[in-house]
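Before any comments, here is the structure.
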Amino acid sequence: MATNSGSPVMQGLKNFWQRPEGTAGKVVLVLGGIAAAYGFVQILPFLIAAATDTLHLAILIGAILLLIFIVTDKRVLTLGKLIFQGIMRFLTGLFIELDPIGILKNYIGEMKKNLGIMDEQLGNLNGSIRTLQNQIDANQKDAEHSMALANQADKKMAAGGLTSLDQQPYMSAKVTNQRHAASLININKSLTDLRDKLKILYDQLIRWRATAEFQVTDKENRVSEEEMRRKALKKAYSVFQAAKKIFRGDPVANQIYDQTLEYLADDAGQMLGEMEDFNRLANKLMTNMDLETGAINDEAVKQLSEFQQKLLPASVTAVPGGVLDQSSATPANRKDDYSDLIK
C-alpha cells in the first residue's frame with residue numbers, strides 16, 4: 001500500500017536533514033567538500049605526473065574504479081549514511097547534554113528575533129497601506145480637478161460665440177481631462193481593492209503577532225521554569241551523588257580501604273603473635289631463673305652450714321633448720337670462741 005506523503009501526519013515528520021543533527025551534518029559535508037577540493041588541488045600535480053607512467057596510470061585507474069564501485073554501491077552508501085548520521089547524532093547529543101538550557105535560551109532568542117522582524121514587516125505593511133491611501137486620495141483630488149476642467153471646457157463650448165476652430169482646444173482639453181479622470185478612477189478602484197486586502201491581511205497579521213508573542217512568552221516562562229528546576233535538581237543530585245559515594249563508595253577507594261584493613265589486621269596479628277611468643281619465652285626464662293636461684297640458695301645454705309660445722313666446737317650442736325642453739329653451745333666457764341684456733 002503506497003504511503004500518502006501529503007497527509008498531515010507525514011508532513012509533520014522531519015527527515016534527517018530537517019533535524020538539528022541534519023544541520024550539523026550539512027555543515028560537516030560542506031567543510032568536507034572544501035577540504036576535498038583543497039586536497040585535490042594539492043595532489044593534482046602528483047596525479048598528472050603519475051598519469052605519465054603506465055604503471056602508475058594503471059594503479060590510478062584501478063583506484064578510481066574501486067572508488068566508483070564504493071561510491072555507487074548501495075550497501076556501502078547506506079552504511080556510510082548510517083555511520084554519518086550516527087556520528088552527527090552523537091555530536092549533537094553531546095552538545096545538548098553539555099548545555100541544554102543554553103540551547104533553549106538560544107531558541108527563545110531566535111523566536112524573539114523573528115518577532116522583531118515581524119514587527120518591522122508589520123510597520124512596513126502599515127506604511128504601504130498609508131502610502132496607498134495617500135495615493136488614492138491624491139488620485140481622487142486629481143480626478144475631481146480633471147472633471148472640473150472638463151466641465152469648465154464644456155461650459156465654454158456651450159456658451160457659444162466660438163468658432164469650430166476655437167472650440168477644438170476646449171474639446172481636446174475636455175476629452176483629455178475626462179480620460180485622465182476616468183483613468184484615475186479606475187486606478188483608485190484597483191488601489192482601493194488592494195488597500196482593503198492589505199488591511200485585512202494587516203489585521204490578520206496583528207492577531208498572529210499577538211499569538212506569536214504569547215507563544216514566545218509562554219516558552220520563555222517554560223525555559224525559566226526548566227532552568228530553576230535544573231538548578232534545584234543539580235543541587236539535589238550533588239547531595240545524592242555524595243550520599244551514593246558514601247554508601248557505594250569508589251571501587252578503587254573501597255579496594256584500598258579493604259587492603260588497609262587487611263594490612264592493619266595482619267600487622268596487629270603479627271605484633272600480638274610476637275608479644276605472645278616473647279611472653280612465653282620470658283615466662284620460661286623467669287621460671288628457669290627462679291629454679292636456678294632456688295638451687296643456688298640451697299647450695300649456699302648447705303655450704304654455709306658445713307663451714308659453720310667446721311668452725312664451731314664439737315659441743316655445738318645444730319638444730320633443725322640450720323639455726324644453732326647458742327645457750328647449749330656456750331660452756332659454763334665461757335672462753336673466747338676463737339681461742340682454740342690460736343693454740
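The values are calculated or read from the model by the stated rules, or taken from the named source; none is laboratory data. All of these numbers come straight from a predicted model, not from anything done at the bench. All Cβ positions, glycine included, derive from the backbone under ideal geometry; neighbour counts span all protein chains shown. For accessibility, only protein heavy atoms count, side chains too; no ligands or nucleic acids. Shrake-Rupley method; radii C 1.70, N 1.55, O 1.52, S 1.80 Å.
Within the group Lys174, Lys81, Lys112, which residue is open to solvent by 70 Å² or more (accessible area, probe 1.4 Å) and more than 27 Å from Arg230 (Cα to Cα)?
Details: Lys174 fails: open to solvent by 70 Å² or more (accessible area, probe 1.4 Å); Lys112 fails: more than 27 Å from Arg230 (Cα to Cα).
Among Lys174, Lys81, Lys112, only Lys81 is open to solvent by 70 Å² or more (accessible area, probe 1.4 Å) and more than 27 Å from Arg230 (Cα to Cα).
Of Asp119, Asp73, Asp154, which residue is modelled with pLDDT under 85, open to solvent by less than 70 Å² (accessible area, probe 1.4 Å) and under 30 Å from Lys189 (Cα atoms)?
Values: Asp119 fails: modelled with pLDDT under 85; Asp73 fails: under 30 Å from Lys189 (Cα atoms).
On inspection, the qualifying residue turns out to be Asp154.
Just give me the residues in region 193-235 being over 21 Å from Ile108 (Cβ atoms) and at pLDDT below 90, in sequence order.
Lys235 - this is the single residue of region 193-235 that is over 21 Å from Ile108 (Cβ atoms) and at pLDDT below 90.
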Practice item. Being farther than 26 Å from Ile187 by Cα and part of a helix (DSSP H, G or I) is the filter here, so list the residues in region 157-176 that pass it. Key: Met157, Ala158, Ala159, Ser164, Leu165, Asp166, Gln167, Gln168, Pro169
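Does Lys26 qualify as being at pLDDT below 65 and open to solvent by 90 Å² or more (accessible area, probe 1.4 Å)?
Values: at pLDDT below 65: no; open to solvent by 90 Å² or more (accessible area, probe 1.4 Å): yes.
Judged against the criteria, Lys26 is not a match.
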Review point. Any chance region 93-101 includes a residue that's part of a helix (DSSP H, G or I), hydrophobic (A, V, I, L, M, F, W, C), open to solvent by 70 Å² or more (accessible area, probe 1.4 Å) and modelled with pLDDT of 85 or more?
Key: no
Exercise for review: Inspect region 123-142 for any residue being in contact (Cβ under 8 Å) with a residue 60 or more places away in the chain, under 47 Å from the mean Cα position of the chain (by Cα) and open to solvent by less than 80 Å² (accessible area, probe 1.4 Å) and give the result as yes or no.
Suggested key: yes
